[in-house]
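Notes to accompany the following structure.
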Amino acid sequence: MAADSRGAHTPDAARAAAPSSETPAGSRIHNSISRRASLMQEPVLVLNATYEPINVTAVRRAMVLMLKGVAQAEELHSAEVHSAAHAHQVPSVIRLLAYRHIPQQSRALSRKNILLRDRNTCQFCGRVFPSSELTLDHVLPRSRGGRSSWENLVACCYRCNNTKGDRTPEEAGLKLARKPRPFTLHTSRQLMRLIGHRDDRWRKYLFY
């Protein structure tokens, strides 16, 4: 009850009318969690034991490898992530401590590798999105025999995916940014160079 018959405010009404002190704090906590989640998805260059660049991974995976003693940091970000007892500086480049043979073949077909190949960029509108805001689109719809393959899957935002529907890009009035192709080691190195232009810490390890 908000007020009695005489118009007097009850305690419940007073509490409802009082300004909330929780909203700003809650907002700060939410923003802090969002920044940490974004930081943990930042790209990290992975070097073989011989200092040859072989992969790009996320900060989260890189830190797991370091904590397991599989890799060590060669270059660090200025940012830190905090656990209950420690602060850990975020790596920008890590190196495997044991040599790993890398076969000259395509990577496994997966959502993660499609997004990595397409640099988290919608292949129709060209905008960059967090992984959680992207889906995979079959260029030739499955209803028309389109396969789940490197050549027929692209990263796509939900808006473009809904616009395209069960049609080809041409029928939907959309244009692919680039022709999709398998994600090979060569493709990975091209991607490393592109990201390396954004992160100076990578450049001395990349072959231009």
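The values are calculated or read from the model by the stated rules, or taken from the named source; none is laboratory data. What you see is a predicted model, and the numbers here were worked out from it, not measured in a lab. FYI the Cβ positions are ideal-geometry reconstructions off the backbone, even for glycines, and counts take in every protein chain you see.
Taken together, K164, K68 contain a single residue that is in the same structural domain as L191 (by TED's automatic domain parsing), modelled with pLDDT of 95 or more and of a type outside the set (V, I, T), which is K68. Considering the stretch 126-143, and only residues there that are modelled with pLDDT of 95 or more and of a type in the set (A, V, I, L, M), the residue that is nearest to the chain's Cα centre (by Cα) turns out to be L134. Going by what's in this entry, would T57 be described as outside the structural domain of T168 (by TED's automatic domain parsing), within 20 Å of the chain's Cα centre (by Cα) and closer than 16 Å to T187 by Cα? Yes. The stretch 134-208 holds helices (runs of 4 or more DSSP H) entirely within its bounds, and those carrying 2 or more residues that are among the aliphatic types (A, V, I, L, M), touching a residue at least 24 places away in the same chain (Cβ under 8 Å) and out of contact with any strand residue (DSSP E or B) (no Cβ under 7 Å at 6 or more places or on another chain) map to 185-196.
For L115, are the conditions met, namely being at pLDDT 95 or above, not aromatic (F, W, Y) and not in a strand (DSSP E or B)? I'd like the intermediate steps shown before the answer.
Values: at pLDDT 95 or above: no; not aromatic (F, W, Y): yes; not in a strand (DSSP E or B): yes.
The answer is no for L115.
Let's see how each residue does on (1) among the β-branched types (V, I, T); (2) more than 30 Å from A98 (Cα to Cα); (3) modelled with pLDDT of 85 or more:
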residue: T10; (1), (2), (3): yes, yes, no
residue: A16; (1), (2), (3): no, yes, no
residue: S20; (1), (2), (3): no, yes, no
residue: P53; (1), (2), (3): no, no, yes
residue: T57; (1), (2), (3): yes, no, yes
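Just one residue in the set Q104, Q123 is surrounded by 12 or more Cβ atoms within 10 Å (Cβ to Cβ) and either over 22 Å from the mean Cα position of the chain (by Cα) or modelled with pLDDT of 95 or more (or both); that residue is Q123.
Inspect all residues belonging to the stretch 156-177 and state whether any of them is acidic (D, E) and within 19 Å of R119 (Cβ to Cβ).
Initial filter on the stretch 156-177 (acidic (D, E)): 166, 170-171.
Checking the rest, the ones that are also within 19 Å of R119 (Cβ to Cβ) come to none.
Looking through the stretch 156-177, none of the residues is acidic (D, E) and within 19 Å of R119 (Cβ to Cβ).
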